[in-house]
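The values are calculated or read from the model by the stated rules, or taken from the named source; none is laboratory data. Here the structure is a predicted model, which means the values were calculated and not measured. Glycine gets a Cβ as well: all are built from the backbone with ideal geometry, and neighbour counts include every protein chain shown. Just the protein is used for accessible areas: all its heavy atoms, side chains included, with ligands, DNA and RNA removed. Shrake-Rupley method; radii C 1.70, N 1.55, O 1.52, S 1.80 Å.
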There are 2 protein chains.
Amino acid sequence: MAKLNQLVYKELGIDTQHEYNAYMHRSCHICNSEGFEALTRIRISHKGKTIVASLNVISSALLQTDEISLSHSAEQSLDVSTGQMLTISHLSPIRSLSYVRSKIFGNELSDEQLGEIIDDIVSGHYSNVHLSAFLTACASNQLTTKEIIGLTKAMIKSGKRMQWMSDIVVDKHCIGGLPGNRTTPIIVAIVCALGLTMPKTSSRAITSPAGTADTMEVLTQVDLTLKQITKVVSDQGGCVVWGGSANLSPADDLLIKVEKALDIDSEGQLIASVLSKKIAAGSTHLIVDIPVGETAKIRTLQAAQNLRREVEKVALVLGLHVDVVVTDGAQPVGRGIGPCLEARDVLAVLRNETEAPSDLKEKALLLSAKLLELSGLENPGDGYEKARKALESGMAYDKFIRICQEQGGFREPELAEYRHKIKADCTGTVTKVNNRTLAKLAKLAGAPNAPSAGVDFFVTLNSEVKKGQTIFEIHAESKGELSYALEYYSKIEIITIEQC
Amino acid sequence: MAKLNQLVYKELGIDTQHEYNAYMHRSCHICNSEGFEALTRIRISHKGKTIVASLNVISSALLQTDEISLSHSAEQSLDVSTGQMLTISHLSPIRSLSYVRSKIFGNELSDEQLGEIIDDIVSGHYSNVHLSAFLTACASNQLTTKEIIGLTKAMIKSGKRMQWMSDIVVDKHCIGGLPGNRTTPIIVAIVCALGLTMPKTSSRAITSPAGTADTMEVLTQVDLTLKQITKVVSDQGGCVVWGGSANLSPADDLLIKVEKALDIDSEGQLIASVLSKKIAAGSTHLIVDIPVGETAKIRTLQAAQNLRREVEKVALVLGLHVDVVVTDGAQPVGRGIGPCLEARDVLAVLRNETEAPSDLKEKALLLSAKLLELSGLENPGDGYEKARKALESGMAYDKFIRICQEQGGFREPELAEYRHKIKADCTGTVTKVNNRTLAKLAKLAGAPNAPSAGVDFFVTLNSEVKKGQTIFEIHAESKGELSYALEYYSKIEIITIEQC
């Protein structure tokens, strides 16, 4: 028989992502004790494990009064299944939340306090409301350089850390916001062909139409174990895999979702996020690409310069060699937006096809050159020519195919069945491209969940277009997704054409 | 047949309070388009009404791929039932969130911007994550006096406004945190008996064991229509009803829940919250009681003085006469904590019983005297004696019973069946009472949902206790609730006894 503070588990199959939610019947005595007027949180234990969850109330027959259910991630964390007993108790105040309050009121946090906050976040002790308050306080009260360093260290410590045989391990990171722009697989191919070690752990998209891992997954497997990754890197000098299973800086994965919902960037938080992931991945030399543009993440040169200075300061203290490159972020790079369309562009560049997008090729060469020079493999000024030869000779393509084969086999991308052409409604010059609405359109067409969905984008800034000319084409894998994207397109503007 | 952007509604009975949540099957095409990696929000329309909801995903058979469900408050707002069609579309950015971001980065907000934020909050366009960011930004960047005034006006405007026949309408407000302390029904009885107009709209508890409305509901009905309230006030000069149905400053009800979850107090937000509710309720003369104590909401005299000054500045601009009284918040006022136990104390004072708690009586007299003087009914210094006579003569009790009868009939409180005595484990002097753990204990015993649950508290600060003497008694309506409270009690301290 159940004890008084126990309830019987029942699976309902509700997914609230990382947030731990508990569901109880309105007439359950624990629900009555805790009350449901505020955003109530409770402690739930099962076989020695304990989590903290937010309470949602069920007023239907989905649950009986002696039953409890959990959201998917909470269920996994407690490793519980239908019919088992859970013990419920009142949640005492979480100490690190008092540090968050301290930050809200403008105080500098110590390394230990930041460490405790990050540990509690990784343990799931913060609800989204608390994550939001922490992020807002960091943005409002500007983290000091000391705090950014403390936060970066705490985020590294909260997850795993990778180690490699090579003394020099290179990486690149782009401070996002630009559709397409899939340079990473090309850069890995070039610099590894030339002998550098670049074990690239990439992310999947959160709010964008594709992350590097999504695009790469079109061409090969990306979901490798640590052991498999080590083998590929040892044989080929590099890889392009999904970083999720490596558990690098896991706090970042939780914070970033709330940050996207708020659409705020705390500069300190951003730096800690990028650098902690790279250091945890074992990088020693890093190129940071900051595209600047009206609809990119960073909008002004001034903001890019400030960010560059702070990145350099923090990297110096943490022993990471870094070179920050400010690039043009006024329009997409490459033509395809969405996993398969971007994979097609990447292959076209690697295969030196005549129709390969030259902007994508040039940007990949530029960043490869910077990596070759930063790592000391090439003298300053020699990197570009070396990179170009590696690419144009087919060496890079050869390396890329070997990497794919070792990750689980290479496959060609396939394009989507449902397409809808968008044509210019007047003749004139393209004066503006909105990266944000363009990315959103590709996403609503189904990317990246539907890998061949997205947008194929045919014009560039300052080019002339004729009335009736196809300016881009929406790709989708189902009628419903195409229709959903078109409904959105009817309300927004992507390209501004100024009539002559 | 359903159109492509439509889904069929199915009721699931999930209550997430004020937050609008939508539930869709993982394989639904709209879920696929929108993605579920971030905290996705969508627009949902039904018969001309539109809401914004956060997306949760169902991976079980609770929903089919062409079905959608909503949390309880969202379902009510759209007035939808099982089988009806809902239209789903992508959510464009909400403009007022850019003002929240502006505040995060330290800018002063205009009256218009604050107005738009509050309107969006009342429309349900902010998720808890956004409410959290707004509250945190207000606390981090300190609202200016101009902003507090703008926020107060916006909050008044967002709801209804009550009007009364009398030129002078009095009210009182306590900046909470003190268990028991149920002076309001006594004050209303005294000042109305003496001829003032005091139409008291009270709140229910959110995280405390009882609000004035919960306690009053033990004795009479509090859930009255506006018409009924007007009649009671016209006949008796006052009432003590629940303010919820009056829809006064509804933004406040949403913000306060998130504020409690964060356990932060933005001073500006607090002032706007209190003053907007009172002005919307038609008050012209207000006494604000600020109890100061280590475990009260306001912890230092300095903080109380700052708050007083700011309240006075804002009230002056808004044309509200206000008198701020700083009182002792070191321990509970009265003996009972929980609706029935507090109602018992209120009646004991009104009936002049010999065992009535004298601290409760004295505090009610003090605040009544202030109201009589602030309103101009009595000269400064004469209020106390007038109030005392009204109470001790039975006039106040007589008025109270009439008010109860007109609100729907008077009834005696009944005490709980399950009780557990807590005894002193040593002989000594009471040197500290923790208001917070004490209130929490009463709440976990079931108060206010179980009205007779709570704590009966028998000692006062600096009093002597003997080992084995009952220092308080926990009351509960069920074994399960008593057990849940005792489990909490085993982990915390409420009273500090220093041994002689």
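Data for the structure
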read-out: Qualifying positions in segment A:396-428 - under 27 Å from the mean Cα position of the chain (by Cα) and among the acidic types (Asp, Glu); value: A:406, A:412, A:414
read-out: Of residues in segment B:89-108 being farther than 17 Å from residue B:119 by Cβ and charged (D, E, K, R), the one farthest from the other protein chains (Cβ to nearest Cβ); value: B:108
read-out: Residues satisfying the stated conditions in segment A:236-251, i.e. open to solvent by 10 Å² or more (accessible area, probe 1.4 Å) and either farther than 14 Å from residue A:155 by Cα or touching a His at 6+ places or on another chain (Cβ under 9 Å) (or both); value: A:236, A:237, A:242, A:243, A:244, A:245
read-out: Where residue B:207 falls short, out of the listed (1) of a type outside the set (A, V, I, L, M); (2) crowded, with 24+ Cβ neighbours inside 10 Å; (3) assigned to a loop (DSSP other than H, G, I, E, B); value: (2)
read-out: Residue match in segment A:414-430 (condition: out of contact with any Cys (no Cβ under 8 Å at 6 or more places or on another chain), under 25 Å from residue A:171 (Cα atoms), of a type in the set (Asp, Glu) and outside any strand (DSSP E or B)); value: no
read-out: Condition met for residue B:388 (out of contact with any strand residue (DSSP E or B) (no Cβ under 6 Å at 6 or more places or on another chain), among the charged types (D, E, K, R), surrounded by fewer than 21 Cβ atoms within 10 Å (Cβ to Cβ) and assigned by TED's automatic domain parsing to the domain that holds residue B:356); value: yes
read-out: Residues of segment B:358-378 satisfying the condition of being surrounded by 23 or more Cβ atoms within 10 Å (Cβ to Cβ) and closer than 18 Å to residue B:345 by Cα; value: B:360, B:363, B:364, B:365, B:367, B:368
read-out: Selection count, segment A:79-100, where residues are at negative phi and open to solvent by 30 Å² or more (accessible area, probe 1.4 Å); value: 11
read-out: Residue in segment A:71-85 that is more than 29 Å from residue A:269 (Cα to Cα) and free of Cβ contacts under 8 Å to residues at least 60 places away in the same chain present; value: yes
read-out: Subset of segment B:263-272 (residues that are open to solvent by 10 Å² or more (accessible area, probe 1.4 Å) and facing chain A (nearest Cβ under 10 Å)); value: B:263, B:265
read-out: Subset of segment B:53-74 that is away from every other protein chain (no Cβ under 11 Å) and touching an Asp or Glu at 6+ places or on another chain (Cβ under 9 Å) - its residue that is nearest to residue B:130 (Cα to Cα); value: B:53
read-out: Any hit, segment A:194-201, residues being within 14 Å of chain B (Cβ to nearest Cβ), without any contact (Cβ under 8 Å) to a residue 60 or more places away in the chain and crowded, with 24+ Cβ neighbours inside 10 Å; value: no
read-out: Residue under evaluation residue A:395, criteria (1) aliphatic (A, V, I, L, M); (2) open to solvent by less than 60 Å² (accessible area, probe 1.4 Å); (3) more than 30 Å from residue A:330 (Cβ to Cβ), criterion not met; value: (2)
read-out: Residue among A:316, A:320, A:286, A:301 that is buried (at least 22 other Cβ atoms within 10 Å of the Cβ) and touching a strand residue (DSSP E or B) at 6+ places or on another chain (Cβ under 9 Å); value: A:286
read-out: Matching residues, segment A:16-46, being of a type in the set (S, T, N, Q) and without any contact (Cβ under 8 Å) to a residue 60 or more places away in the chain; value: A:16, A:21, A:27, A:32, A:33, A:40, A:45
read-out: Boolean, residue B:411 is open to solvent by 60 Å² or more (accessible area, probe 1.4 Å) and in contact with a Cys (Cβ under 9 Å, 6 or more places away or on another chain); value: yes
read-out: Where a residue in segment A:476-500 is free of Cβ contacts under 8 Å to residues at least 24 places away in the same chain and on the phi < 0 side of the Ramachandran plot and its partner, wherever it lies, is surrounded by fewer than 20 Cβ atoms within 10 Å (Cβ to Cβ) and outside any loop (DSSP other than H, G, I, E, B), with Cβ under 8 Å and at least six apart; value: A:487/B:89
read-out: Conditions (1) in the same structural domain as residue A:339 (by TED's automatic domain parsing); (2) part of a loop (DSSP other than H, G, I, E, B); (3) crowded, with 16+ Cβ neighbours inside 10 Å; (4) of a type in the set (Gly, Ala, Ser): number failed by residue A:381; value: (3)
read-out: Filter pass, residue A:156 being open to solvent by less than 10 Å² (accessible area, probe 1.4 Å), part of a helix (DSSP H, G or I) and over 30 Å from residue B:22 (Cβ atoms); value: no
read-out: Criterion: within 30 Å of residue B:107 (Cβ to Cβ), open to solvent by less than 30 Å² (accessible area, probe 1.4 Å), modelled with pLDDT of 95 or more and in a loop (DSSP other than H, G, I, E, B) - qualifying residue of A:178, A:109, A:131; value: A:109
read-out: Enumerated strands (runs of 3 or more DSSP E) restricted to segment B:1-52, each holding at least 3 residues that are more than 7 Å from chain A (Cβ to nearest Cβ) and more than 23 Å from residue B:93 (Cβ to Cβ); value: B:6-9
read-out: Hits in segment A:53-78 - residues which are surrounded by fewer than 22 Cβ atoms within 10 Å (Cβ to Cβ) and part of a loop (DSSP other than H, G, I, E, B); value: A:59, A:60, A:61, A:62, A:64, A:65, A:66
read-out: Count - residues of segment B:309-353 that are out of contact with any helix residue (DSSP H, G or I) (no Cβ under 9 Å at 6 or more places or on another chain) and not charged (D, E, K, R); value: 1
read-out: Condition check for residue A:143: under 25 Å from the mean Cα position of the chain (by Cα), within 13 Å of chain B (Cβ to nearest Cβ) and over 30 Å from residue A:433 (Cβ atoms); value: yes
read-out: Top-ranked residue of segment A:455-489 - restricted to ones that are under 28 Å from the mean Cα position of the chain (by Cα) and of a type in the set (S, T, N, Q), ranked as nearest to the other protein chains (Cβ to nearest Cβ); value: A:483
read-out: Qualifying residue in segment A:335-345 (condition: more than 21 Å from residue A:417 (Cα to Cα) and open to solvent by less than 10 Å² (accessible area, probe 1.4 Å)); value: no
read-out: Single residue of A:103, A:49 found to be basic (Lys, Arg), buried (at least 22 other Cβ atoms within 10 Å of the Cβ) and in contact (Cβ under 8 Å) with a residue 12 or more places away in the chain; value: A:103
